[in-house]
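S.K.: Sharing a structure here in structure tokens format.
The values are calculated or read from the model by the stated rules, or taken from the named source; none is laboratory data. Since this is a predicted model, take the numbers as computed values, not measurements. Cβ: placed from backbone, ideal geometry, glycine included. Neighbour counts: every protein chain shown.
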Amino acid sequence: MPKSLIKLALEGTEEARKRLFAQVSELVVANLEQRTDRELAIFSEVILKLYGAGSSKDRSALARKLACQPNTPHNLACRIAEDEITVAMPVLANSPVFTQEDLLDFVERLSNAHLQVLARRTDLSTGVSDAMAEKGDRPVHRILAGNREIRLSRETMLKFVKYAAQDAVLCEDLALRPDLSPAVCRALLPIVNAEAKKRLRSVIEAALTQEQLDQINRLKALRREFGALLEMTDMDRLWQEAERAGITVNELMILLLQDGRLDHAVELLSGRGRIAQTTLKDAVYSGKQDLVIRAADKAGLDTPTFALFAKTRCEHLKTPLSQGSEWAAAYKRYLESVALSRQSRCGDFQANRKEKKPKSAEPAEQASTAEPAK
């Protein structure tokens, strides 16, 4: 340890402790990545003993330097998080050393100003966001609703719907979330504008039923049975193997989409939908909805499978999930129109047959009337 630091430590005055805090912080943080765990533990112990003497400026400088460091000593990170919000902010928002238990503890003990920073984190579990929604004030609720990197529980979203009736900002943020359930969408319908109503109805119409979710779970068992064959990148060969195993095109498509293999799903769809792969891929990536829908119909995809395809496309292209819901709703309408058209043609055919029947019966009737003359 430099002699200047030893001298400050021996001096023992409040001013000396303040300067010692600043200099020790600068000394260690300057080469933080090169410090061993033991050195960091010693540094943390010294800093924690001096922490109360450090100036707000020096504590803020330390917090900024440690905020994103994965090797920041846990006790020190927690102590900084408990500091006044101007000091704690970078660590609360970004430190990767906190567990979900730490975050829950912060929610219970810290101020709403601290919670407003925590609400912006991208690693909040539903347990933490539930606790934050319970304790937090209106700004905390708005930030949570606008944080689309986390998933909110159904209970928290329904609670926010009640608050949103009196809070236009919260209502708008909530209606734009990608993880809205049909129940939450229905609860929001009476309090949103016309454009949002349309979007929410699309989500409701395209939502997977429990039966369809059960099918996806069943496919997990199928994945285990099909095994390593799913790792194939040749989709023609994979489809041949799938057919031998009794796997339908819908089942294979879902298995690929569950793994995020959008390009392989497009390749499978092009083969089964009888369309050039480059043409279909361009349509998928450039948003040519009608062409993709026609290919999916030719391939025999059902509505839930296409909904999953559209959702995976949005996630891959980083476009709003509401667009996937719109594609799924459009596909459902397309299948319904095709079914009506076929039914109409079938009805016309039956009507034509009925009109022709009397003509075909005339010779038989003439023959029967002629028999008594013999």
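S.K.: Would you check which residues across segment 116-166 are within 16 Å of Glu101 (Cα to Cα) and either in contact (Cβ under 8 Å) with a residue 60 or more places away in the chain or assigned to a loop (DSSP other than H, G, I, E, B) (or both) and list them?
M.R.: If the condition is that a residue be within 16 Å of Glu101 (Cα to Cα) and either in contact (Cβ under 8 Å) with a residue 60 or more places away in the chain or assigned to a loop (DSSP other than H, G, I, E, B) (or both), then Ala119, Arg121, Thr122, Asp123, Leu124, Ser125 are the ones that fit.
S.K.: Only residues in segment 283-312 that are within 14 Å of Leu262 (Cβ to Cβ) count as the first member; pair them with residues that are of a type in the set (A, V, I, L, M, F, W, C) and surrounded by fewer than 19 Cβ atoms within 10 Å (Cβ to Cβ), Cβ under 6 angstrom, at least 6 apart or cross-chain, and list the lot.
M.R.: From residues that are within 14 Å of Leu262 (Cβ to Cβ), the pairs are Ala283/Leu291.
S.K.: Here are Leu48, Leu104, Leu62, Leu76: which of them is more than 20 Å from Phe21 (Cα to Cα), assigned to a helix (DSSP H, G or I) and outside the structural domain of Ala119 (by TED's automatic domain parsing)?
M.R.: On the way: Leu48 fails: more than 20 Å from Phe21 (Cα to Cα); Leu62 fails: more than 20 Å from Phe21 (Cα to Cα); Leu76 fails: more than 20 Å from Phe21 (Cα to Cα).
After applying the criteria, what remains is Leu104.
S.K.: Could you tell me whether any residue of segment 227-243 is closer than 23 Å to Leu335 by Cβ and surrounded by fewer than 19 Cβ atoms within 10 Å (Cβ to Cβ)?
M.R.: Within segment 227-243, one or more residues are closer than 23 Å to Leu335 by Cβ and surrounded by fewer than 19 Cβ atoms within 10 Å (Cβ to Cβ).
S.K.: Here are Ser344, Ser368: which of them is modelled with pLDDT under 55 and either more than 39 Å from the chain's Cα centre (by Cα) or of a type in the set (A, V, I, L, M, F, W, C) (or both)? Lay out the reasoning, then the answer.
M.R.: Working: Ser344 fails: modelled with pLDDT under 55.
Answer to the check: Ser368.
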